[in-house]
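Here is the structure we will look at, set down as structure tokens.
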Amino acid sequence: MTIAKPDFIEGIAKGMAVLESFDTERQRLNATLAAERAGLTRAAARRHLLTLAHLGYLETDGSYFWMAPKVLRFSGSYLASSRLPRTLQPTLNRLAAQTGESFSAVVLDGEEVVIVARSGAYGTPTRVLAYGLHLGARLPAHATSTGCVLLAGMSPAQLSQWLKGRLLPRLTPHTITTARLLRQRIVQVRKDDHCFASEEHELGVQALAVPLRNMQGRTVAALNVVLSGGRRPEEMLRRDLLPLLFDAARELRSLL
């Protein structure tokens, strides 16, 4: 979204940049680290950290700051008020009960995909889920089945803009790290209308994803099944699980 310059509140933007500086790699930040990550001066970062702590969004020991539970108000409000997660959740639950596998619905946010709805694996309580596959988790789009499906929903011009100057970090030996190879993959995903990914984000994890489109044909999310705990034959997964994903996508289309 583009707005007029007089409507842009720079202070809010800087405060959000500081808040977004916290992630799984850096759970605790001091003013110097926050300044580096948010692109601010140390003095400005310190003021924003102190303000966020005063408001209850951060906790501090006087030197370092970390996120407080209050930040969950944002995600909780989204999940409670957004139509998309509420619409998709019953279908995810049904698929999980039917197959015993874990299913997620994902949207694109910048260079990452975000899990907005998910179901656990029924009947297998001891199964260890892949790292980071909780509700609200953010994963690199280029290394996930859902990310490739969502990128395939872009026009060629939009994809070129998305790729412009973007780094594609290697997460495993199987991760695609060049724009040329990622473009080739996106072309294939458009043709197949689904994406299979094997150990590209995490070793031992495979996933199969399909687009979720609305009645206008626009891809609004991606639906996938995630399997961990050992590699399984790709053809078997396509045969057993892909028809279920396609059927679910067709059923959901009129609701999106």
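For the range 125-256, the solvent-accessible area with a 1.4 angstrom probe is 51 square angstrom per residue. Ligands, DNA and RNA aside, L171 has an accessible area near 80 Å² when probed at 1.4 Å. Here the range 208-256 exposes an accessible surface that is 51 percent carbon and sulfur, computed with a 1.4 Å probe and the other protein chains kept in place.
Would you please give the FRET efficiency between L55 and T32, computed as 1/(1 + (r/R0)^6) with r the Cβ-Cβ distance and R0 = 22 Å, to the nearest 0.05? Result of the calculation: an efficiency of 0.50. Would you please give the FRET efficiency between I12 and A80, computed as 1/(1 + (r/R0)^6) with r the Cβ-Cβ distance and R0 = 30 Å, to the nearest 0.05? Calculated value: 0.85. Taking every alpha-carbon pair under 8 Å whose residues sit at least 6 apart, the chain reaches a relative contact order of 13 percent. For the range 1-78, a crude dipole built from +1 on the beta carbon of Lys and Arg and -1 on the beta carbon of Asp and Glu, taken about the Cα centre, is about 140 debye to the nearest 20. Summary of the geometry: the range 61-92 and the range 228-253, compared by the centres of their Cα atoms, lie 28 Å apart. The slack between N93 and Q161, meaning 0.36 nm per residue of separation minus the straight C-alpha distance, is 20.9 nm.
Counting protein heavy atoms only, the range 10-158 has 55 percent of its accessible area on carbon and sulfur, 1.4 angstrom probe.
Each principal axis of the Cα atoms in the range 41-123 has its own extent, and those three values, largest first, are 54, 27, 23 angstrom.
The equivalent ellipsoid of the chain has semi-axes of 34, 21, 19 Å, largest first, where each one is the square root of 5 times an eigenvalue of the Cα gyration tensor. The packing ranking, built from the mean of other Cβ atoms within 10 Å per residue, places the peptides 107-118, 242-253 in the order 107-118, 242-253, highest first. For the range 138-244, pairs of C-alpha atoms spaced more than 17 angstrom apart make up 52 percent of the total.
The values are calculated or read from the model by the stated rules, or taken from the named source; none is laboratory data. Being a predicted model, the structure only gives us computed values, none of them experimental. FYI the Cβ positions are ideal-geometry reconstructions off the backbone, even for glycines, and counts take in every protein chain you see. Heavy atoms of the whole protein, side chains included, go into the accessibility calculation; ligands, DNA and RNA do not. Shrake-Rupley method; radii C 1.70, N 1.55, O 1.52, S 1.80 Å.
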